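The values are calculated or read from the model by the stated rules, or taken from the named source; none is laboratory data. Small disclaimer: the values here were computed from a predicted structure and weren't measured. Methodologically, a virtual Cβ is constructed for each residue, glycine included, from the backbone with ideal geometry; neighbour enumeration extends over all protein chains shown. Only protein heavy atoms, including side chains, enter the accessible area calculation; ligands, DNA and RNA are left aside. Shrake-Rupley method; radii C 1.70, N 1.55, O 1.52, S 1.80 Å.
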Amino acid sequence: EEVASEFSGKLKVYKVDIDQNPDTPTTYGVRGVPTMILFKGGQQVDQIVGNHPKENILAVLKKHI
């Protein structure tokens with residue numbers, strides 16, 4: 001939520017409840033939770049698995065914005 005507010009207007013952040021959407025992890029090859037998948041132009045461009053410090057998440061996002 002912090003990252004979403006920092007990048008407001010530049011990207012959209014969505015959360016998916018994998019218990020309510022069990023096909024989604026299979027579709028995107030999610031093997032661990034939490035997983036962040038970054039899409040650009042409808043295509044998957046990056047993925048982070050596991051807990052990461054905010055700085056790491058920001059670095060990945062900035063590569064693609």
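What are the pairs with Cβ atoms under 8 angstrom where one residue, in the stretch 37-63, is without any contact (Cβ under 8 Å) to a residue 12 or more places away in the chain and under 20 Å from G9 (Cα atoms) and the other, located anywhere, is open to solvent by 70 Å² or more (accessible area, probe 1.4 Å) and not in a helix (DSSP H, G or I)? Sequence gap at least six, or different chains.
These pairs meet every condition: I37/Q44.
Do we find a residue being surrounded by 10 or more Cβ atoms within 10 Å (Cβ to Cβ), under 11 Å from the mean Cα position of the chain (by Cα) and of a type in the set (G, A, S) anywhere in the stretch 4-26?
Yes - at least one qualifying residue is present in the stretch 4-26.
Just checking, which of V60, V45, V30 is in contact with a Lys or Arg (Cβ under 9 Å, 6 or more places away or on another chain) and open to solvent by less than 80 Å² (accessible area, probe 1.4 Å)?
Selected residue: V45, the only one of V60, V45, V30 that is in contact with a Lys or Arg (Cβ under 9 Å, 6 or more places away or on another chain) and open to solvent by less than 80 Å² (accessible area, probe 1.4 Å).
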